[in-house]
1. Give the residue, chosen from 72, 92, that is buried (at least 20 other Cβ atoms within 10 Å of the Cβ) and more than 16 Å from ligand 1 (Cβ to nearest atom).
2. Conditions first: (1) more than 16 Å from ligand 2 (Cβ to nearest atom); (2) under 20 Å from residue 113 (Cβ atoms); (3) at pLDDT 90 or above. Residue 23 passes all but one, so which condition is the exception?
3. Would you pick out the residues in segment 328-365 that are outside any helix (DSSP H, G or I), in contact with a strand residue (DSSP E or B) (Cβ under 6 Å, 6 or more places away or on another chain) and either free of Cβ contacts under 8 Å to residues at least 24 places away in the same chain or under 22 Å from residue 197 (Cβ atoms) (or both)?
4. Which residue, of 63, 43, is away from ligand 1 (no atom under 16 Å from the Cβ) and either outside the structural domain of residue 288 (by TED's automatic domain parsing) or touching a strand residue (DSSP E or B) at 6+ places or on another chain (Cβ under 7 Å) (or both)?
5. So, in segment 1-24, of the ones that are away from ligand 1 (no atom under 13 Å from the Cβ) and under 34 Å from the mean Cα position of the chain (by Cα), which residue ends up nearest to residue 76 (Cα to Cα)?
6. Restricting to segment 25-35, name every residue that is more than 30 Å from residue 77 (Cβ to Cβ) and more than 16 Å from ligand 1 (Cβ to nearest atom).
Ligand SMILES: [Zn+2]
Ligand SMILES: [Zn+2]
């Protein structure tokens, strides 16, 4: 079996070094035979209980590793975004909608209590209280670890199960970051990255929007002139290159979903265009690359016609593979700066379904 990445300390772990703990707190490593049989017995004299709790062997960590994670393929991805990009809202709504997909026949489950608690808290705020969640505090938020079962891939006795972990780092502007911080170390081991971009940072968007819509949608402080969109991409990629040890003249070779949040504010621009159509993947029961390409092309041409090609050039200069997505977490412009209407998410699953399709967690065509 392959090595895997501990979702808490982000170190590469060899399976034979995993620690097994019995209910009385005795710890041991397991023999190959024990691990294959799935039953590890405590070797403490007079105990002999089953040691079923599995811990990371890194002594600085020793976190409990969800059993499913060890038995299934795991996709580790991170979400980055400048402050105010709506990243936390987006993650919450995306996960909640993922648990409600009918057509894709996916069953979502959390892998630890922290994951459930963070998700429930933010869900209640958005779906019931109609409030925006607070920005992610710097440091200290554990990665969320989830499991999905694909009901389209089952036999009488088993069902294909996959896990994924997401790290929602604080929305720093990705300058002066500590390369030893959890966020940086997580990005260095990520297999895919979502960059959430608030379209309000584009000067052309600010200039074209009705001031009231702009005021209710915007959540960063200051003028967009201070947040040049090309600079944002350059900062994020310099930071990914630094932590991953990638040379300045090399492109980053991990798939990047560039997600424009708050598309609800731009619906006049996108009327009758692919982005404003509802997402077809769920109805189709699989990921449709044709739709994904149409949305990507749509957003690219919109950026060019708005004079925002510097932003695209910055992406192209740094990333080997990036695809544009347009989402609306709430489905409408917020009622006020901190109040929402009832939530009707738009296309929020497209980016994660793209990752799932690439990783063959779900079918695609
Ligand atoms: Zn660990
Ligand atoms: Zn024991």
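The values are calculated or read from the model by the stated rules, or taken from the named source; none is laboratory data. It should be emphasised that the depicted structure is a prediction, and the values quoted were computed from it without experimental measurement. All Cβ positions, even for glycine, are placed from backbone atoms using ideal geometry, and neighbour counts span all protein chains on display.
1. Numbers: 72 fails: buried (at least 20 other Cβ atoms within 10 Å of the Cβ).
After applying the criteria, what remains is 92.
2. Result: residue 23 passes all but (1).
3. Those that are outside any helix (DSSP H, G or I), in contact with a strand residue (DSSP E or B) (Cβ under 6 Å, 6 or more places away or on another chain) and either free of Cβ contacts under 8 Å to residues at least 24 places away in the same chain or under 22 Å from residue 197 (Cβ atoms) (or both): 328, 331, 346.
4. Working: 63 fails: away from ligand 1 (no atom under 16 Å from the Cβ).
On inspection, the qualifying residue turns out to be 43.
5. In this case the residue turns out to be 2.
6. Result: 25, 26, 28, 31, 32, 33, 34.
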